[in-house]
Amino acid sequence: MKRHMLLGDFLVAYLRKIGTTHVFGIPGDLALKLFFALGRKHGLKIITLSHEPGVGFAADGYARATGKIGVVCVTYGAGGHNMVNPVAGSFSERVPLLIFSGGPGEEERKLGTLIHHQAREIESQHRIYNEVTCASAVLTDPRSAAQELHRVVTTIWAEQRPGYIEIHRDMVGRQIEVPEELIEWDGHLHFQESDARKVDEAANETAAMFNESRKPVLIAGIEIHRYKVSRELVELAEKMGAPVFTTVLGKGAFPMNHPLYMGVHIGPISPPSIVARMDEADFVLNLGCLKTDMNFGNRPPRVIQERTVWSVDRKVDVKFHTYTDVAVRDFVRALLREKIRRHSERVQYADNLREIATRDGKPIKVGQILATVNQFLADHHDYLVVAESGDMLFGGLDVRVPHSSAYLAQGFYASMGFAVPAAIGAQLGGGLRPLVLCGDGGFQMTGPEIAQAPAKGVNPIVIVINNGGWGIFRPIAERADLLEIPPWPYAKLARAWGGAGFEVYDEHELARALEAAHGGKSFAIIDVRVERDDLSPITVKYIKAAAKRSQAPVEKSARTNHRS
């Protein structure tokens, strides 16, 4: 960095300083100067995909897999508005993204006429992004542009949410002033500081509650991921010796092969042994768990305040009072400094696949697919699992990855179309080969982005659970015809796009296809044909619970599938 720089050069220098390696985007006329400035050979890899939603999901997957900020560059209007849904998902799920958008230049704005790609007013896109970002700016002043970018980025990191920067095309080549403190800055981003006195007092009171308990449990949520405290969480769990659950959104925050890990807690639709163990608990320590309907099985959480400590959103609720300005990262570290009585409970992992039986000669069931995937992952450890929204969002909760931080899903926002592009971004950033669990409905939204894989040097294995429609809604839909989708030849498409394609009908064929895909260097699509109304075990339980709450009738297929 220098005291005076062209804005485009400053952006590259700044991104390199914070450790950015990839920029995801699609060029457009109002962003060409910006795009090409970022794309000069300065060490940034520009990753283009076919459509902006895929770009957004790929940057999200990159951020989740690397722990860095995912960076996106799109054009104004048609490009920026296409990106709103992925950015909204990242906002909901606490994923740090930096979105750059181009825009019309000053002379164009002075004409007083409508500019192509404009929606209502030139400022409309910025206003829209204010709803789904934690910070935003339009860089128009050369004297403050550098500091404004820095403000947005530091807020993105502190809050672990997306931020937005709009740069009109005549600004890219303008010379700007760079403050001395940015030139000397080492590029290290910091989380918000906690109040040390409150941290220590909250930890001390929590430790006293834990030491008095006989049947404690620990629940890990998404903030453990976002605030980079997974290693300390494992150390704390081992110090406590209590069973550990994760939430739907927090799956992967604790190693799934750890002897203290019992599984995913989803309220009353959890596996029976988890429900029973939670009923016995006389102390529940919730670390980084968002209070969402998805995390608690479509029901409000059952909180017995005198037995509960809840650390999330920079506060800790202990019994009937609250400590503010206490981040989960600092709280976990403070608990490690406390004197804690270690329990020695024997913990057994629980899922919904224990009674899945082989069905020789019959069509494969979704539960068997998940069991076969688990066996494959037990034999091959170097995989990242990415679950699509829909049935696989729930089904993926029964997948056991043998190491930590290797499971991605939009567990709360649940936008279909997330998985395939997110897998591409995750492999580009993190290096692990993705195994994608995806319904045919979700695949038809953004799945064709897999055609980009050969050129990008990535090779996900995509399992398409093919039931000919948006199957998760069939048990509750009054008009089944609205859920139909056209039959695609997924395996043939894979081969046409430069990958490997397989069609399978039973679990033995699936096991062989997985091994063949594993041995290949290209991406692969495995088209698994399942019965029209088949769903994963947890999905069936979720639909039944939701129907019971609304007193709506449940279709026969949803009542019987869980017995198969």
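The values are calculated or read from the model by the stated rules, or taken from the named source; none is laboratory data. Small disclaimer: the values here were computed from a predicted structure and weren't measured. In this analysis, Cβ positions are derived from the backbone assuming ideal geometry, glycine residues included, and neighbour counts consider all displayed protein chains.
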> Of the conditions (1) in a helix (DSSP H, G or I); (2) modelled with pLDDT under 90; (3) not basic (Lys, Arg), SER273 fails just one. Which one is it?
Replying inline: (2)
>> Being in the same structural domain as VAL530 (by TED's automatic domain parsing) and in contact with a helix residue (DSSP H, G or I) (Cβ under 7 Å, 6 or more places away or on another chain) is true for just one of LEU428, LEU393, LEU432. Which residue is that?
In response: LEU428
> Can you name every residue in segment 399-412 that is out of contact with any strand residue (DSSP E or B) (no Cβ under 6 Å at 6 or more places or on another chain) and either among the β-branched types (Val, Ile, Thr) or surrounded by fewer than 24 Cβ atoms within 10 Å (Cβ to Cβ) (or both)?
Replying inline: ARG400, PRO402, HIS403, SER404, SER405, PHE412
>> Can you say whether GLY361 is modelled with pLDDT under 95, touching a Leu at 6+ places or on another chain (Cβ under 6 Å) and in a loop (DSSP other than H, G, I, E, B), as far as the supplied structure shows?
In response: no
> Where in segment 38-156 are the helices (runs of 4 or more DSSP H), entirely inside, with at least 3 residues that are modelled with pLDDT of 95 or more?
Replying inline: 52-66, 84-92, 124-130
>> Every residue in segment 384-432 that is over 22 Å from VAL540 (Cα atoms) and of a type in the set (Gly, Ala, Ser), please.
In response: SER404, SER405, ALA406, ALA422, ALA423, GLY425, ALA426, GLY429, GLY430, GLY431
> For PHE283, all conditions in the list (1) farther than 29 Å from ALA158 by Cα; (2) surrounded by fewer than 20 Cβ atoms within 10 Å (Cβ to Cβ) hold save one; what is the number of the exception?
Replying inline: (2)
>> Please determine whether any residue of segment 211-226 is in contact (Cβ under 8 Å) with a residue 60 or more places away in the chain, of a type in the set (S, T, N, Q), surrounded by fewer than 19 Cβ atoms within 10 Å (Cβ to Cβ) and touching a helix residue (DSSP H, G or I) at 6+ places or on another chain (Cβ under 7 Å).
In response: no
> Which of the residues that make up segment 207-233 are within 30 Å of the chain's Cα centre (by Cα) and hydroxyl-bearing (Ser, Thr, Tyr)?
Replying inline: TYR227, SER230
> Does segment 526-546 hold any residues that are touching a Pro at 6+ places or on another chain (Cβ under 7 Å), under 14 Å from ARG474 (Cα atoms) and not charged (D, E, K, R), and which are they?
Replying inline: ILE543
> Any chance segment 183-200 includes a residue that's touching an Asp or Glu at 6+ places or on another chain (Cβ under 7 Å), modelled with pLDDT of 95 or more and not in a helix (DSSP H, G or I)?
Replying inline: yes
>> Take the residues in segment 180-200 that are closer than 26 Å to ARG94 by Cβ and acidic (Asp, Glu); name whichever of them is surrounded by the most Cβ atoms within 10 Å (Cβ to Cβ).
In response: ASP200
> Among the residues of segment 140-147, is there at least one that is charged (D, E, K, R), crowded, with 21+ Cβ neighbours inside 10 Å and either within 28 Å of GLY56 (Cβ to Cβ) or outside the structural domain of THR322 (by TED's automatic domain parsing) (or both)?
Replying inline: no
> Can you name every residue in segment 227-252 that is touching a residue at least 60 places away in the same chain (Cβ under 8 Å) and under 15 Å from PHE331 (Cβ atoms)?
Replying inline: TYR227, LYS228, VAL229, SER230, GLU232, LEU233, GLU235, LEU236, LYS239, MET240
>> Condition first: farther than 17 Å from ALA253 by Cβ and in contact (Cβ under 8 Å) with a residue 12 or more places away in the chain. Now tell me which residues in segment 273-291 satisfy that.
In response: SER273, ARG277, MET278, GLU280, ALA281, ASP282, PHE283
>> Among the residues that make up segment 282-302, is at least one of them modelled with pLDDT under 95, over 27 Å from PHE91 (Cβ atoms), assigned to a helix (DSSP H, G or I) and in contact with a Lys or Arg (Cβ under 8 Å, 6 or more places away or on another chain)?
In response: no
> Out of all the residues in segment 329-341, which are modelled with pLDDT of 95 or more, of a type outside the set (Val, Ile, Thr) and out of contact with any strand residue (DSSP E or B) (no Cβ under 6 Å at 6 or more places or on another chain)?
Replying inline: ARG329, ASP330, ARG333, ALA334, LEU335, LEU336, ARG337, GLU338, LYS339
> Quick one: which helices (runs of 4 or more DSSP H) sit completely within segment 403-516 and have at least 1 residues that are at pLDDT 95 or above and more than 19 Å from PHE24 (Cα to Cα)?
Replying inline: 440-446, 490-496
> In segment 374-397, how many residues are out of contact with any strand residue (DSSP E or B) (no Cβ under 8 Å at 6 or more places or on another chain) and surrounded by 24 or more Cβ atoms within 10 Å (Cβ to Cβ)?
Replying inline: 1
>> I'm checking my understanding of the structure. Among residues of segment 490-500 that are surrounded by fewer than 20 Cβ atoms within 10 Å (Cβ to Cβ) and touching a residue at least 24 places away in the same chain (Cβ under 8 Å), which one is nearest to LEU535 (Cα to Cα)?
In response: LEU493
>> Checking ALA242 against (1) buried (at least 17 other Cβ atoms within 10 Å of the Cβ); (2) assigned to a loop (DSSP other than H, G, I, E, B); (3) not assigned by TED's automatic domain parsing to the domain that holds SER273: exactly one of these is not met. Which one?
In response: (3)
